[in-house]
């Protein structure tokens, strides 16, 4: 489609594709319990050396280095260690080290299933989506919010391919709104907590990569990475 | 569209070659990532068109162990509780009043939506108590529990299985943990041969054991009978704090009755409690554990000044004087002989004698004794604090001596000296079948029964139902309870014993939150709250009885499941599913309960109407109830259920127990209620090392240990140790200083509240804060039970939680 005189479609398509891949990785890494099936291909080929986003961002660089080093030394028997790290950070039992839900950071009482959860649920619903129905978990889980961003990237790419400028622009507006109103307001704090409390360089690396990714997309969308709200 | 500038200005800087794209795309699941139509992984296609637009209001209740069951009206939007209100039926007049919940109920979202709630079934990995768990499936959890339970029953017998005292889910009908014998777990156990019973509660064990020796039961006038009195005298009674919600009705009832009767209120308590603040005219501080001495001195004043009701004592009582003693008892054992110094100890119980022990000035004792004796009627009542002592049985029977000496028993405006009652509606219980096991231990003795169960006997350890226990406890159920550690005594020693999994081999904990007790689980099951299921509760708010139909407000969170389903699943694995369920679901049992209730009380609404009403209230149509009124009217025709049929000031049964039981050195059991100096009491020489008496009052921030993890409440009412300015000055302490409170059992670290609201020589650590030892073993959570003793009281073999000696120093 080239340019429409105001902005460059080709560049945007590459950008959205790269963003979708980054969101996709982060979503899977933070939402699912770690598995050899997911990790082995990433480590075997050291995919982090080919990270799709700007690697000059300090946090991104840090994440890539940690993951590359972890991947180089990876053996499947480390999976138990990763699982225990994942449980301590996001599952329990006991106080979680890094709550993966938006409303814990932004709601007045720091609870789950709070105002932000309902807002996010409503936004998903407007796009014909919902959180997995098999388990009743808050809709504003970091992994689900990132998955929703993948979805919005896809919508933009579809629209670009069809040449539907209105749909393209509206998908980007939606993405910018979701990032600014939700993800960027809390996910950086969440990533910081993972960095602080992770017992493995894998999760620390993922969180650095997450932080760097958020910084990159904030710049692309001309948004600030906001500090966490005070309850 | 200025906002679209980012489209033009974006510096995307993206370098993504096709090779990298393909690799990453494949690693993330191939086409799924950027599928046409945009449906991505993680999320699903929505099956709902739009949000549920309107808020609905759902009736529910706060079901914890404060004695109230306060109604909550939950505002539910899009399947979530967004706001909490309370009763809006009725008005502000006493009798038709709204049953308004307290700050705890209003903060309930912080428990339901606590981000650290237990979410998945877990099994312990590593050492017991270390707090390390691994997520497992429900199937694995059920299979493990069923096979371990069967193994332990086969190996040790059903007496080796214990259901621990637990009050975290209390007041419901099916999903309830208390009394444990009425819980679904009891029903499950009774389907497979039963379990070791317990008697008594951590709240009132000494009183419920001791009072029947005096009256045949532990009855009292209802709180609304205060309307008929001129003077209210309370001992350690703090119902405005312990039961502060409108569903308990005590605060409003006391205030309304005080206003309507014009009665004066006097309170004996080491602490100027919220009840003192709310209704009391005169607060008289008294040293913990010395109530019986105070009462004996008041009796001395009454007898010497001839103010006692000799006619009442002659006609209705046994044991006041030597002329009214049972046969076969040596002389000198009557209450009068004890008081006047004609008994075994030869000590007249003068006000001067009592002043030294109690800390109450002699002239105050004389004045109040006269006031009690000369003001008719006089409503004398006690809370549960005086009885939760090493000599608690003596204290509560002694306090009852005041209404007995003054003839206030069995009349309007009088009382029995026992904590006051209220008007309620009876709702049928969930049937839990009969327990084939007859053996029973005191609620406080499970710790001993783990250690030396098979040695425990009736005469030495208060075992009931059998002469000796056949086996130690090997399997412990702990459903919605924090009494494994936090609410038992000596938390450090208790944890240490439980860490040894060769003793109690299996601990199953069913909980909402990761409590200090839950940390000791072998299998940890996430329970749903009463907001995630339907329930029924009933309660008493002064002269108003009520029942609430709790309707499920939200779907169960994560993998949390209802207790009934857990028990049914385990029953299935033990081959008794049909016996357990009788083909009914949890909700069908609730319907059954309402039908059964209606058989006895046709006015009770049918199930559907009840559920629509949400709350059903009945104001007492009659007079306030009076305990033993028929006995007072005609003692021959309506005898008490004591052996003599009379009020037993001297109990021959207790006298016999004192002569047959194996009683440890220092424990005192007597026919009459006497002041017994105890270990770690005011007179213990140990006070040279640990000079302060420590109690643990009930606190507004919590109901026992429930609500501890609610941030709002912790900020509003922080955990701090109360200390008199005289004691603080002596130690160079100022308000807010961090201090250590310690004795040989442990050490707490918490801030000090320097306040004249507590008697000199006494400190109070509000009970219920969660035990949280740091790496040096110092409990930074400030749990009072880190410092309390495992030694049981003499008769009830119960928890002496307010009998402790400690020292305090700057941290």
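All of the numbers you see were taken from the coordinates with simple rules; none came from a lab. These numbers come from a predicted model, not from an experiment. Heads up, the Cβs are rebuilt from the backbone with ideal geometry, glycines too, and the neighbour counts pull from every protein chain shown.
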Arrange the following residues from fewest to most other Cβ atoms within 10 Å of their Cβ: B:340, B:234, B:189. B:340, B:234, B:189
Compute the acute angle (0 to 90°) between the alpha-carbon long axis of helix B:563-573 and the principal axis of greatest extent of the alpha-carbon atoms of chain B; round to the nearest 10°. 80 degrees
With r defined as the distance between the Cβ atoms of residue A:46 and residue B:578 and R0 fixed at 51 Å, what FRET efficiency is calculated, to the nearest 0.05? 0.30
Viscosity 1.567 mPa s, temperature 4 °C: give me the Stokes-Einstein translational D for segment A:8-68 in µm²/s, with Rh taken as the Kirkwood radius over C-alpha pairs. 102 µm²/s
Whole-Å semi-axes of the ellipsoid equivalent to segment B:542-689 (Cα gyration tensor, √5λ, descending): 46, 30, 20
For segment B:612-698, would you read off the P(r) tail past 14 Å as a percentage of all alpha carbon pairs? 79 percent
Please provide three numbers in whole Å: the alpha-carbon extents of segment A:1-152 along the principal axes, with the largest listed first. 54, 43, 29
Any idea what the alpha-carbon Rg over 2.2 N^0.38 Å comes to for segment B:704-811? 1.08
Compute the separation of the alpha-carbon centres of segment A:11-32 and segment B:482-511 and state it in Å as a whole number. 48 Å
P(r) of segment A:122-231 over all Cα-Cα pairs, binned every 5 Å from zero, in whole percent: 2, 11, 18, 21, 19, 16, 8, 3, 1, 0
Label 7 Å along Cα→Cβ of residue B:260; segment B:95-118 residues with amide nitrogen under 13 Å? B:95-97
Using alpha-carbon positions, what is the distance between the centroids of segment B:96-114 and segment A:42-119, in Å? 36 Å
Relative pair counts by distance (%), Cα atoms of segment B:211-359, 5 Å bins: 2, 8, 13, 16, 18, 16, 12, 8, 4, 1, 0
What are the radius of gyration and Dmax of segment B:673-742, computed over its Cα atoms and given in Å? 15.8, 45
Could you tell me what % of all Cα pairs in segment B:618-777 have separations over 19 Å? 71 percent
Given all pairs of distinct Cα atoms, segment B:410-563 yields a Kirkwood Rh in Å of 19.0 Å
By how many nm would the segment from residue B:323 to residue B:623 grow when fully extended, if each residue of separation counts as 0.36 nm and the alpha-carbon distance is taken off? 104.3 nm
Mind checking A:12-20 for the average number of partner chain beta-carbons within 10 Å of each residue's beta-carbon? 5
For segment B:444-531, take the convex hull of the Cα atoms, compute a quarter of its surface area, and give me that in nm², please. 6.3 nm²
Provide, for q = 0.27 Å⁻¹, the log10 of I(q)/I(0) from a solvent-free Debye sum over equal Cα point scatterers in segment B:566-609. -0.86
Average partner chain C-beta neighbours within 10 Å, per residue of A:31-38? 1
DSSP beta bridge pairing in the protein assembly as shown, given as percent antiparallel to the nearest 5: 55 percent
Distance in nm between pseudo-label sites at residue B:371 and residue B:460 (7 Å out along the Cβ direction from Cα): 4.9 nm
Size-normalised alpha-carbon gyration radius of the protein assembly as shown, reference 2.2 N^0.38 Å: 1.07
Volume in Å³ per residue [convex hull over Cα atoms, computed for segment B:135-267]: 168 Å³
Regarding segment A:88-179, what is the average projected area of its C-alpha convex hull, in nm²? 6.7 nm²
Given 5 Å bins starting at zero, what is the percent of C-alpha pairs of segment B:703-752 in each, up to the one with the largest pair distance? 5, 17, 21, 20, 20, 11, 5, 0
For segment B:288-329, the Kirkwood Rh over every pair of distinct alpha carbons, in Å, works out to 11.7 Å
Determine, at each q value in 0.17, 0.31 (inverse angstroms), the log₁₀ of I(q)/I(0) that the Debye formula gives when each Cα of segment B:659-709 is one equal point scatterer. -0.78, -1.18
Can you figure out the FRET efficiency of residue A:78 with residue A:10, using R₀ = 51 Å and their beta-carbon distance, to the nearest 0.05? 0.80
Using the Kirkwood radius over Cα pairs of segment B:43-194, the Stokes-Einstein translational diffusion coefficient at 10 °C and 1.306 mPa s, in µm²/s and rounded to a whole number, is 81 µm²/s
Using helices alone, I'd like the mean residue ellipticity at 222 nm for chain B: each DSSP H run of four-plus residues gives -39500 (n - 2.57), total over residue count, nearest 500. -8000 deg cm²/dmol
Per residue, how big is the convex hull of chain B when only Cα atoms are used? Give it in Å³. 211 Å³
Please rank B:546, B:202, fewest neighbouring Cβ atoms within 10 Å first, as an exposure proxy. B:202, B:546
Counting each pair of different Cα atoms once, what's the Kirkwood radius of segment B:755-811 in Å, rounded to one decimal? 13.2 Å
On a 0 to 90° scale, report how tilted helix B:18-27 is relative to the longest principal axis of chain B, with both axes built from alpha carbons and the result rounded to the nearest 10. 40 degrees
DSSP-defined antiparallel bridges as percent of all bridges, chain B, nearest 5: 55 percent
Ranking request for peptides B:704-712, B:735-743, B:291-299, B:173-181: highest mean number of other beta-carbon atoms within 10 Å first, then the rest in descending order. B:291-299, B:173-181, B:704-712, B:735-743
Using the alpha carbon gyration tensor of segment B:402-485, what are the three equivalent-ellipsoid semi-axes (square root of 5 times each eigenvalue), largest first, in whole Å? 36, 20, 14
Measure off 7 Å from each Cα along the Cα-to-Cβ vector at residue B:92 and residue B:603, then give the distance between these two points in nanometres to one decimal. 2.8 nm
If you scale each eigenvalue of the Cα gyration tensor by 5 and take the root, what three semi-axes come out for segment B:329-453, rounded to whole angstrom and sorted largest first? 35, 24, 15
Quick one: work out Rg over Rh on the C-alpha atoms of segment B:474-523, Rh as Kirkwood radius. 0.92
If you take every DSSP beta bridge whose two residues both sit in segment B:603-758, what share of them, in percent to the nearest 5, is antiparallel? 70 percent
Going by how many other beta carbons lie within 10 Å of each one, how would you line up B:682, B:699, fewest first? B:682, B:699
Which whole number gives the average, over all residues in B:111-122, of C-beta atoms from other chains lying within 10 Å of the residue C-beta? 6
Label point distance in nm, residue B:352-residue B:230, each placed 7 Å from Cα along Cα→Cβ: 3.2 nm
